[in-house]
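Structure first, then comments.
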Amino acid sequence: MENILEKLKKGNERFIKGVSINPNQSLDRCKETSKGQNPFAVVLTCSDSRTPPEIIFDAGIGDLFVIRLAGNVLTNEAIASIEYATAHLGVEQVIILGHTNCGAVKAAVETNMSQQGTNLSEYLKTLVDKIDPNLIIEGKDVDKSVVKSTDNLIATSASELKNILNKLIVNNSINVTGAKYNIETGEVVFLG
Ligand SMILES: [Zn+2]
């Protein structure tokens with residue numbers, strides 16, 4: 001598994017240094033992968049337009065099995081997608097990729113801090129409610145709370161997912177790793 005994490009780290013290093021090789025992005029690659037997919041990693045990340053996995057890991061078509069939801073929340077649908085990729089496509093490395101300045105985490109923090117409640121729609125409330133149990137609130141400091149809550153959300157999601165996959169998959173050799181993307185520097189820091 002180490003080599004897959006290394007591959008992702010090296011791709012991110014190329015991206016940061018401005019020497020991306022944009023692998024597997026040709027029409028030939030489309031034709032090659034149309035016969036079947038064999039991605040090397042699963043990435044659950046935020047829908048935020050600033051966090052595109054293939055670009056920040058310098059990867060291409062057929063390389064990453066990506067699930068994107070605001071706040072990279074571990075919903076049942078996200079878990080089902082991850083189960084498909086691991087149990088049926090044989091992917092052994094899952095990355096839970098949060099990011100700095102996440103609007104979904106910030107919305108959850110502000111909702112939690114708000115005394116008079118908020119007027120979120122039922123849909124947004126579902127998302128915020130999913131993030132809420134993972135919040136770490138630091139007094140009235142929104143920014144600090146967002147940083148700590150983002151880290152905690154990544155760590156708890158990784159741990160929860162590992163437990164779920166252990167129950168779902170016999171002889172589970174799947175590695176679940178948390179990571180955080182810095183939307184300003186382009187760097188992905190792998191946690192724990
Ligand atoms: Zn986000």
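Taken together, the values in this text are just the output of simple stated rules run on the coordinates, not laboratory data. From a predicted model like this one, the values you see are computed outputs, not experimental measurements. So basically every Cβ, Gly included, is an ideal-geometry build from the backbone, and we count neighbours across all protein chains shown.
Key figures
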{"item": "Amide H contacts under 5 Å for Leu191, placed H, 5+ residues apart", "result": "Gly178, Ala179, Lys180"}
{"item": "Nonlocal amide H pairs with Val94, under 5 Å, H built at 1.01 Å", "result": "Val42, Asn175, Val176, Thr177"}
{"item": "Of Gly18, Ile95, Leu191, farthest towards positive along the dipole that unit charges on Lys, Arg, Asp, Glu beta carbons give the chain", "result": "Gly18"}
{"item": "Cleavage-rule hits (trypsin sites (Lys or Arg not before Pro)) in the stretch 106-163: DSSP loop, at most 10 neighbouring Cβ within 10 angstrom", "result": "Lys140"}
{"item": "Value of Rg to Rh for the stretch 83-145 (Rh from inverse mean 1/r over Cα pairs, i.e. Kirkwood)", "result": "1.13"}
{"item": "Inter-centroid distance (Cα atoms) of the stretch 89-164 relative to the stretch 1-51, Å", "result": "25"}
{"item": "Approximate shape of the stretch 10-115 as ellipsoid semi-axes (Cα gyration tensor, √5λ), whole Å, largest first", "result": "28, 19, 10"}
{"item": "Equivalent ellipsoid semi-axes - Cα gyration tensor, the chain, angstrom", "result": "30, 19, 15"}
{"item": "Packing-based order for 77-85, 24-32, 96-104, using average beta carbon neighbours within 10 Å, highest first", "result": "96-104, 77-85, 24-32"}
{"item": "The stretch 1-46 - convex hull of the alpha-carbon atoms, volume per residue in Å³", "result": "115"}
{"item": "The stretch 83-192: Cα Rg divided by the 2.2 N^0.38 Å rule of thumb", "result": "1.21"}
{"item": "The stretch 120-180: mean projected area of Cα convex hull, nm²", "result": "5.4"}
{"item": "Table column - 3J(HN,Hα) (Hz), the stretch 35-43, Karplus curve with 6.51, -1.76, 1.60, x for Gly and Pro", "result": "7, x, 10, 9, x, 8, 8, 9, 10"}
{"item": "Hz values of 3J(HN,Hα) by residue in the stretch 159-166 - Karplus curve (6.51, -1.76, 1.60), Gly and Pro given as x", "result": "5, 5, 5, 4, 4, 5, 5, 4"}
